[in-house]
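Each remark here refers to the structure printed beneath this line.
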Amino acid sequence: MDYNKYPAEPFRIKMVEPVSMVSKEVRERIAKEAGYNTFLIPSEDVYIDLLTDSGTNAMSDRQWAGMMLGDEAYAGSRNFFHLEQTVQELMGFKHIVPTHQGRGAENLLSSIAIEKGQYVPGNMYFTTTRFHQENNGGIFVDIINDDAHDAAKDIPFKGNIDVDKLRKLIDEKGAENIAYVCLAVTVNLAGGQPVSIANMKEVSELCRANDIKVFFDATRFAENAYFIKEQEEGYQDKTIAEIVKEMFSYADGCTMSGKKDGIVNIGGFLCMNDDELFEKAKELVVVYEGMPSYGGMSGRDMEALAIGLKESMQFEYIQHRVLQVRYLGDKLKEAGVPIVEPVGGHAVFLDARRFCPHLDQSELPAQALANDLFIESGVRSMERGIVSAGREAVTGENHRPKLETVRLTIPRRVYTYKHMDVVADAVIKLYKHKEDIKGLKFVYEPAQLRFFTARFEHI
Ligand SMILES: Cc1ncc(COP(=O)(O)O)c(C=O)c1O
C-alpha cells in the first residue's frame, strides 16, 4: 500500500469492541425478518457496519475525559459556554442554539424562517431537511448543477450550486418569495460531493444583493474544507481552520448535525447572525428541545462536541478520513464496479443503475443490492435512491431520483484499511453474480421518511 496516497491511521487504539460474524444462512433469515430493510437489522448481527457515519464515530480520549467534566445544571451549564465559544471561534457565527441532533436544528430553522408557499432552493435534497422545509409550508427546489445527477461524471466540486438556476428562480418567483438558500457542505446524496469556495462566494453575493439569507447545512464542513485545500486553486497553503472560517463567512447561519463532523454520538446546533431570528429560535427551542443552554443535549454531550469540532479540523485526522474513504472507492473502481465519481468525503456510493441493469427503478434496485450485500458478507449499507426519495408532497407520486445508489458510509476512526479490503472483496464478489439480485416491492410504507421503517418482499 502507498502510505503517501493512503496515510495510516493517525491514532492508536486504546479500547476495542469485538464484532461477530454469523453464517450466511442466519443472515438470510435475519434479512427476511427485517423486511429487507437494512435499518431494521439488529446491529449485533452485522459484521462491518457501514449503514451510516452519523453518530457512529469513535470519540478520542480527550473527548471521553471531557465527558467527565459534564456540568448537568438545568440552566447555564459551563459546557454550553464552552460549546458556544468554540463554535463562535471556529465558524464565526454570533449565536448558537443547541439541539438534540441535526434535524432538531432543521425543525427550528424551517419553523422560524419559512412562510407558507415560499421556495427553499438547495443543492440537492436531504431527507430530513426537505421534510422539515415542506412540513412548514416551504417548496423545495433543487438548484444543484446538472452534473451532480450523473453518477459517472468525475469532476471536482460536484456539489456546487448552479448559480444561473438560482438567478432564474429569483427572477421568476421574486426574492421575497424565497425563504432562504440551503447550501449543504458536502452534499450527502450526491455522493458526499464538496462545494468550492468560489461557488459559496458567488451564491452569497447574489443572495446578499437580493436580501436573501444563506444557511449552510454544515454537517460535513470539515470534509468539505479538506477538498478545498486539496483541489481549489490558492488554498493549498491555508490551514483547515482558515478555510472553515472563510467558508462560513459566506453564510448567515447554519444547521449542524454534530453526529458527523462533530465526531460525537449525539448532538447538533443551529447558528445565525441575525438577532431577531435568534430570539425566535430561543422561543421555539424551549418547546421542542429544552432550555437554550442545552437544547436536548446533556452537559457532557456538549463538552464532547466542543472538543470533537476542534479535532475534526486537525489536518492529519481529516486527511486520513477522506483518503480512507477514497481507498475503498479506488479498490472498487479498479475492479470495474460502478460507483459515483469522484469519491466524496464520507462514503462510497455504488451506482445501482449500472450494478443491476436488469432491474427497473420501480423494482428498487438499490434496496435489493444493499440487502444482498448484507446477506453475502455481513456488511451493512443503506439505500439512497427511490425509496429514500419518498413521494412528492402534493401529488403523492414517487420521486424518481436520477441517482439510485447504495451508500457504504465509513464511520470516523472506527474501521481500518483491512476492513476496507474486506468490504471491497465482498462488493466485487457480488458484482460478479449481479444478475442473481432480485427486485423488491413495498409491503409496508410509512407516510413520512419511509426508508427508516418500510418493509419489503421479493417480487
Ligand atoms: C447532510 C445532512 N443533513 C442533515 C442530517 C440530519 O442530521 P441528524 O441525523 O443529526 O438529525 C444528516 C444526517 O444524516 C445529513 O447527512
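The values are calculated or read from the model by the stated rules, or taken from the named source; none is laboratory data. Computed from a predicted structure; not experimentally measured. Here the Cβ is made from the backbone with ideal geometry for all residues, glycine too, and neighbour counts use every protein chain on show.
Within the stretch 38-46, identify whether any single residue is among the acidic types (Asp, Glu), away from the ligand (no atom under 16 Å from the Cβ) and within 30 Å of Phe452 (Cβ to Cβ), and answer yes or no. Yes, there is a match, as at least one residue in the stretch 38-46 is among the acidic types (Asp, Glu), away from the ligand (no atom under 16 Å from the Cβ) and within 30 Å of Phe452 (Cβ to Cβ).
When restricted to residues that are away from the ligand (no atom under 16 Å from the Cβ) and either among the small types (Gly, Ala, Ser) or within 19 Å of Ile114 (Cα to Cα) (or both), the stretch 190-202 contains 2. Residues that are within 14 Å of the ligand (Cβ to nearest atom) and more than 21 Å from Val343 (Cα to Cα) occur in the stretch 178-189; there is at least one.
Scan the stretch 263-296 for residues that are hydrophobic (A, V, I, L, M, F, W, C), away from the ligand (no atom under 16 Å from the Cβ) and surrounded by fewer than 24 Cβ atoms within 10 Å (Cβ to Cβ) and the total you get is 6.
The rows are residues; the columns are (1) free of Cβ contacts under 8 Å to residues at least 60 places away in the same chain; (2) not small (Gly, Ala, Ser).
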residue	(1), (2)
Gly329	yes, no
Leu332	no, yes
Val337	no, yes
Gly344	no, no
Ala347	no, no
Phe355	no, yes
Gln361	yes, yes
Ala366	yes, no
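For the stretch 221-242, does any single residue satisfy the condition of being in contact with a strand residue (DSSP E or B) (Cβ under 7 Å, 6 or more places away or on another chain) and either free of Cβ contacts under 8 Å to residues at least 40 places away in the same chain or not small (Gly, Ala, Ser) (or both)?
no
Within the stretch 249-262, no residue that is more than 10 Å from Phe93 (Cβ to Cβ) and surrounded by 24 or more Cβ atoms within 10 Å (Cβ to Cβ) sits with its Cβ atom under 6 Å from a residue that is modelled with pLDDT under 95 and not charged (D, E, K, R) at 6+ positions apart or across chains. Can Ala447 be described as closer than 19 Å to Lys24 by Cα and not hydroxyl-bearing (Ser, Thr, Tyr)? Answer is no for this residue. Looking at Gly174, is it within 16 Å of the ligand (Cβ to nearest atom) and small (Gly, Ala, Ser)? Criteria not met by Gly174.
Residues checked against (1) more than 16 Å from the ligand (Cβ to nearest atom); (2) free of Cβ contacts under 8 Å to residues at least 24 places away in the same chain; (3) touching a strand residue (DSSP E or B) at 6+ places or on another chain (Cβ under 7 Å):
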position: Ala105; (1), (2), (3): no, no, yes
position: Leu109; (1), (2), (3): no, no, yes
position: Asp147; (1), (2), (3): yes, yes, no
position: Asp150; (1), (2), (3): yes, no, no
position: Gly159; (1), (2), (3): no, no, yes
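Of the residues that make up the stretch 363-372, is at least one in a helix (DSSP H, G or I), more than 26 Å from Gly35 (Cβ to Cβ) and out of contact with any Pro (no Cβ under 8 Å at 6 or more places or on another chain)?
no
Put simply, of Asp211, Asp217, Asp252 the only residue that is in contact with a helix residue (DSSP H, G or I) (Cβ under 8 Å, 6 or more places away or on another chain), under 24 Å from Ser111 (Cα atoms) and away from the ligand (no atom under 16 Å from the Cβ) is Asp211.
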